[in-house]
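Read through the structure below, which is laid out as structure tokens, and then see the notes.
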Amino acid sequence: MSDLQTFDVFTKIKLNCMRSKSTHTFHIPVMGLAYTIDSPIRVAAYGISSVVSITDDELIEKMRAFYSEKFSIPYQEISQKFHDYRAERITHYLNLVDTIVNDKFEKFKTELSESKSALENYISMLPNKSDIKNGLQRFLDEGDVLKETIKSYLEEHLSPGAIDVNIMTKVDKDNYNGKEQLPVEFNDAHASLRGFAKSNLSSSVVLSAGMNPRLYSYFENFKDFFPDENNQLKKKIILKVSDFRSALIQGNFLAKKGLWVSEYRIESGLNCGGHAFATDGYLMGPILEEFKEKKEQLIQSAHDLLVKALTQKEMPTPAVPLELKITAQGGIGTAEEHEFLLDHYQVDMVGWGSPFLLVPEATSVDQTTRDLLAQATEDDFYLSTISPLGVPFNSVKGTSNEYWKEKRIHEHKAGSSCPKRLLALSKEYDNQGLCTASKKYQDIKLDELNLLKETISQEEFDQRSTKITEKSCLCVGLVNASYLENDIKIKGQQQGVVICPGPNLAYFNREISLADMVKHIYGNVNVMTDVNRPNVFVKELKMYVDYLRKEISGTTSEITAGQIKKWNSFKNNLLEGIEYYQNLFATTNFFAQEKNEIKAQIEHYKQELTGVLIPSLELV
């Protein structure tokens with residue numbers, strides 16, 4: 001190897017190591033299909049990492065056209081006539097985002113080195129314990145520091161935020177050319193993965209919504225997910241998980257294929273935005289505690305399997321385990337909660353999602369919807385049943401989608417025209433799949449229901465009818481806000497806007513600047529005006545108690561022994577979680593001002609939970 005090649009290799013190693021240490025201690029998780037579709041373009045230059053959904057290739061192509069024009073970058077449309085158009089659209093968009101982010105980052109560093117006020121503003125947005133913040137502050141304190149000196153420091157210490165992507169593993173519909181089913185690699189999630197894998201990005205793919213073994217196996221086709229001879233991963237895997245057991249199973253499954261999970265992203269089952277995948281009564285605190293206690297087990301177990309798999313593949317094998325991060329997200333709303341997660345549970349980063357929907361500089365939301373979110377109160381946020389996936393979906397009252405859907409139902413035209421078919425996963429009536437929000441599916445179901453009209457009560461008929469027609473077209477509704485904000489023409493049936501904030505947004509009631517939101521996270525500004533907001537752990541506990549009560553009372557069919565066993569387990573897990581919190585808040589030095597109130601609230605929900613009676617077979 002020549003001296004130049006040697007220098008190049010070690011430069012890359014140094015760059016990768018530097019960039020693995022984030023400027024900030026928070027990230028912006030994926031939100032919907034479009035709310036973070038361009039967040040890296042908006043915030044990555046400031047070192048803030050965010051996640052782009054790569055589910056909807058049509059949206060992605062329109063955003064590529066939009067940003068190509070905005071930044072005067074040549075654009076050629078990738079139509080559906082192109083072979084592998086879905087993956088190609090994703091690859092080209094991600095490459096465009098990468099180009100724009102790097103250009104903005106270079107300009108931002110130049111601005112910081114030339115403008116004292118820009119440097120002061122940036123310093124005010126950095127974590128209080130940041131070495132970078134202290135270093136930059138010294139330049140300000142010293143006065144007339146050469147521009148080149150500051151620029152050199154910035155070059156060495158700053159890096160742009162990660163341009164990560166998200167794939168919902170279950171949104172992996174089979175695709176067809178006429179009546180001929182295409183090979184599995186043309187399934188939606190498979191094509192999305194291929195689009196990311198072929199991109200220039202050195203970042204991570206976040207896999208959410210559970211395990212998809214077929215998709216996980218497909219990772220083996222792309223060398224960027226395997227460690228190179230320097231133990232570096234160009235592209236990394238992040239798993240969004242709800243508990244330690246799930247992480248261990250999925251991590252080992254991938255390790256057996258020579259694939260390393262670089263991060264486990266733990267999200268509250270209920271106190272989050274988007275789809276709510278409730279755990280079996282396991283609360284966030286105890287879950288994080290288990291990850292903290294067993295992190296080494298997680299690492300060593302996967303490392304042993306990884307080494308064996310890579311050896312068999314005759315690929316570079318790391319002598320020591322690769323880096324593994326644990327992060328947490330869901331319902332965090334104060335600087336103290338943020339710091340507590342970092343300090344007590346030793347997580348590497350904290351996700352802040354829904355509050356950023358009120359930050360125009362960070363997320364893509366039309367003004368009408370943003371105003372709706374700012375004005376919404378606790379009672380306006382609820383778990384809905386509108387998702388065609390059949391999973392509880394966080395919603396807010398008063399959306400335009402709600403209006404248009406009810407209008408069609410009233411006019412006896414229920415259902416969506418289903419132009420995108422991303423959620424056409426039901427094969428009950430069609431082998432190629434139908435979405436349960438589609439007019440075609442709902443017409444069939446309503447016709448079947450009408451045949452029973454004379455045999456069931458009007459109340460039951462209305463209940464069944466509502467259950468059929470309540471589904472919303474998420475594929476269109478979740479992207480319309482971005483189209484409206486960017487003045488991109490919306491074609492087809494009027495669907496309005498679907499938005500899926502977590503309940504934590506109820507405590508933020510105004511539009512917020514990016515600088516103020518970041519300062520709020522680090523405790524230097526307070527943008528939350530509701531003094532009655534419950535602690536993040538208390539809020540989640542309440543939601544789980546309410547969820548169990550609703551599950552039991554809402555059961556209309558005959559109760560089975562399996563259901564009773566599940567409810568008892570759910571309740572017992574909650575009681576164990578309550579005991580954990582009682583011990584935690586009796587010993588922690590955090591939350592001193594609200595500790596007594598937190599203890600009283602936990603005891604209150606314990607009493608409520610105790611009063612939730614689980615049916616027995618003898619009484620049924």
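Which whole-number percentage describes the relative contact order of segment 473-590, with Cα contacts under 8 Å and a sequence gap of 6 or more?
Once divided by the residue count of segment 473-590, the mean separation gives 15 percent.
State, as an integer percentage, the relative contact order of the chain based on alpha-carbon contacts under 8 Å between residues 6 or more apart.
Relative contact order here is 14 percent.
Treating each Cα of segment 61-214 as an identical point scatterer and ignoring solvent, apply the Debye formula and state log10 I(q)/I(0) at q = 0.08, 0.12, 0.14 Å⁻¹.
For segment 61-214 at q = 0.08, 0.12, 0.14 Å⁻¹, log10 I(q)/I(0) is -0.38, -0.70, -0.83.
Loop only by DSSP, 14 or fewer other Cβ within 10 Å of the Cβ. Give me the trypsin sites (Lys or Arg not before Pro) in segment 66-125 that pass, ordered by residue number.
For trypsin sites (Lys or Arg not before Pro) across segment 66-125 that sit outside H, G, I, E and B with at most 14 neighbouring Cβ atoms in 10 Å, the list reads 81.
Are there GluC sites (Glu not before Pro) in segment 270-358 that DSSP puts in a loop and that have at most 15 other Cβ atoms within 10 Å, and which ones?
Counting only loop positions with at most 15 other Cβ atoms within 10 Å, the GluC sites (Glu not before Pro) in segment 270-358 are 314, 323.
Could you sort 25, 556 by their accessible area in this structure, using a 1.4 Å probe and putting the largest first?
Per-residue accessible area, sorted high to low, gives 556, 25.
From the phi of every residue in segment 561-575, what ³J(HN,Hα) in whole Hz does the Karplus formula 6.51 cos²θ - 1.76 cosθ + 1.60 yield, where θ is phi - 60° and glycine or proline is x?
4, x, 5, 4, 4, 5, 5, 5, 5, 4, 5, 5, 5, 5, 4
So which aspartates and glutamates pass the test for residue 397, namely a Cα distance under 16 Å, with those fewer than 8 places away in the same chain ruled out?
The qualifying aspartates and glutamates are 371, 378, 379, 380, 406, 470.
Under the classification rounded if a/c is under 1.5, otherwise prolate if a/b is larger than b/c and oblate if not, where does segment 14-114 fall, given a ≥ b ≥ c as square roots of the Cα gyration tensor eigenvalues?
prolate
Taking only Cα atoms, what is the 0 to 90° angle, nearest 10, from helix 147-157's long axis to the longest principal axis of the chain?
Compared with the principal axis, the helix lies near 50 degrees.
Taking just the alpha carbons, could you work out the radius of gyration and Dmax for segment 485-525, both in angstroms?
Computed over the Cα atoms of segment 485-525, radius of gyration and Dmax are 15.7, 46 Å.
Just to be sure I follow the rule: in segment 106-165, considering lysines 8 or more places apart or on different chains, how many pairs have Cα atoms under 19 Å apart?
Within segment 106-165, the lysine pair count is 11.
Contact order normalised by length for segment 459-527, with contacts defined as Cα pairs under 8 Å and 6 or more residues apart; what percent is it?
Here the relative contact order equals 22 percent.
Which angle between 0 and 90 degrees, to the nearest 10, do you get for helix 131-142 versus the longest principal axis of the chain when only C-alpha atoms count?
Approximately 50 degrees, to the nearest 10.
Between their Cα atoms, which of 70/420; 198/234; 236/257 are more than 18 Å away from each other?
Flagged as over cut-off: 70/420.
For segment 301-441, just say rounded, prolate or oblate: build the C-alpha gyration tensor, square-root its eigenvalues into a ≥ b ≥ c, call rounded for a/c under 1.5, and beyond that prolate if a/b exceeds b/c, oblate if not.
oblate
Classify segment 382-442 from the C-alpha gyration tensor, please: rounded if a/c falls under 1.5, else prolate or oblate depending on whether a/b exceeds b/c.
Oblate shape, in that a/c is at least 1.5 and b/c is the bigger or equal ratio.
Mind grabbing the accessible area of residue 529 for me, 1.4 Å probe, Å², rounded to tens?
Approximately 80 Å² for this residue.
As a check on your grasp of the helix formula, calculate [θ] at 222 nm for the chain: sum -39500 (n - 2.57) over DSSP H runs of n ≥ 4, divide by the residue count, round to the nearest 500.
-15000 deg cm²/dmol
How far is helix 439-450 tilted, in degrees, relative to the longest principal axis of the Cα atoms in the chain, given as a value from 0 to 90 rounded to the nearest 10?
The angle comes out near 20 degrees.
Kindly count the pairs of lysines across segment 486-620 whose alpha carbons are less than 28 Å apart, treating pairs on different chains or eight or more residues apart as eligible.
Within segment 486-620, the lysine pair count is 28.
May I ask you to compute the full-extension gain from residue 378 to residue 157, defined as 0.36 nm times their residue separation minus their alpha-carbon distance, rounded to one decimal in nm?
Here the answer is 75.4 nm.
State the three equivalent ellipsoid semi-axes of the chain, derived from the C-alpha gyration tensor as the square roots of 5 times its eigenvalues, in descending order and whole Å.
39, 31, 26
The values are calculated or read from the model by the stated rules, or taken from the named source; none is laboratory data. What you see is a predicted model, and the numbers here were worked out from it, not measured in a lab. We place every Cβ from the backbone using ideal geometry, glycine too, and count neighbours over all the protein chains shown. Note: accessible area is taken over every heavy atom of the protein model, side chains too, but ligands, DNA and RNA are not part of it. Shrake-Rupley method; radii C 1.70, N 1.55, O 1.52, S 1.80 Å.
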